[in-house]
1. What angle, in degrees between 0 and 90 and rounded to the nearest 10, separates the Cα long axis of helix 97-130 from the longest principal axis of the Cα atoms of the chain?
2. Can you give me the C-alpha center-to-center distance between the range 36-67 and the range 243-269, rounded to a whole angstrom?
3. Once the convex hull of the alpha carbons of the range 14-322 is built, what does its volume come to per residue, in cubic angstrom?
4. Show me the ranking of peptides 56-63, 84-91 by mean Cβ neighbours inside 10 Å, starting with the highest.
5. Is the shape of the range 104-147 rounded, prolate or oblate, going by the alpha carbon gyration tensor and its root eigenvalues a ≥ b ≥ c, with a/c under 1.5 for rounded and a/b larger than b/c for prolate?
6. Go ahead and run the numbers for FRET between residue 256 and residue 133, Cβ-Cβ distance against an R0 of 45 Å, rounding to 0.05.
7. In percent, how large is the relative contact order of the range 14-322, given Cα pairs closer than 8 Å and 6 or more residues apart?
8. Suppose each label sits 7 Å from its Cα in the direction of the beta carbon; what would the residue 90-residue 301 distance come out to in nanometres?
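All of the numbers you see were taken from the coordinates with simple rules; none came from a lab. The shown structure was predicted, so the numbers you read here are calculated from the model rather than taken from an experiment. With ideal geometry, Cβ positions are generated from the backbone for all residues, glycine too; neighbour counts draw on all protein chains shown.
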């Protein structure tokens with residue numbers, strides 16, 4: 001049930017999510033599309049993980065990164081959507097400050113990990129296409145170990161600092177979060193303490209991940225296109241342009257929407273609360289839904305592995321039916 005806490009002299013330790021406040025009375029209608037989206041995300045990414053794990057030919061650096069992306073695309077929605085659906089259906093919208101900070105850390109940490117994975121995938125394709133003779137030399141176990149350390153240090157340090165700056169804040173006015181999950185600025189905007197450091201850290205996060213990662217990703221794909229378009233002709237050129245263009249559009253939508261939601265309270269342009277809530281969910285749901293298609297089904301090796309898997313299952317069913325009929 002929606003509750004507006006009275007002004008108090010102590011800092012709130014319990015908060016209430018009010019996703020889509022302008023249409024809050026119709027919140028039950030949101031359950032079906034978000035539930036279906038979540039089930040689709042779980043099914044598609046789980047299938048992708050299973051296919052890569054069980055297909056020996058896919059045990060290569062690029063598909064290890066695709067697997068890591070699938071794991072992230074399962075973890076982040078799982079940290080948000082089940083709690084959100086309980087709020088829509090049963091008004092179970094309360095969350096403690098500790099729970100809120102935990103959800104915030106998981107969401108932002110793994111989203112930053114996803115950014116690093118997307119960057120690593122772009123650089124992997126850059127080396128494979130632009131420096132093919134040096135691919136085995138450059139992309140090896142040592143590089144993956146360094147990438148893992150870099151990811152944990154960068155994402156961990158930045159997100160722990162983000163959480164650390166929230167901990168001293170006092171929340172003595174409202175305890176209503178106008179969002180469906182514990183977004184950083186959605187919580188910080190409720191503070192009655194000085195939040196200049198939090199806003200500055202929000203900008204630093206955008207520069208650290210969006211600014212750096214998108215620049216390197218764009219550089220990689222421009223060089224990939226340059227090399228491929230010089231060597232290819234006709235239909236192959238169109239395929240290369242279409243593939244790279246699709247990847248870039250999906251990546252840029254992830255970064256653009258994420259930046260807008262993360263800086264929503266810093267932007268001079270007023271954004272309606274419901275629109276900001278929708279963008280915050282789109283930032284989580286859209287990549288997790290389309291990544292299995294963009295980096296999975298549309299990849300020839302994975303598509304063939306999936307088709308082989310279903311063909312084997314069909315053959316097994318036929319064999320079982322034949323054996324059963326013979327026994328009868």
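1. 30 degrees
2. For the range 36-67 versus the range 243-269, the Cα centre distance is 24 Å.
3. Output value, Cα hull per residue: 167 Å³.
4. Result, highest mean first: 84-91, 56-63.
5. Cα axes put the range 104-147 in the oblate bin.
6. Working: r = 36 Å, r/R0 = 0.80.
It comes out at approximately 0.80.
7. Relative contact order here is 28 percent.
8. 4.4 nm
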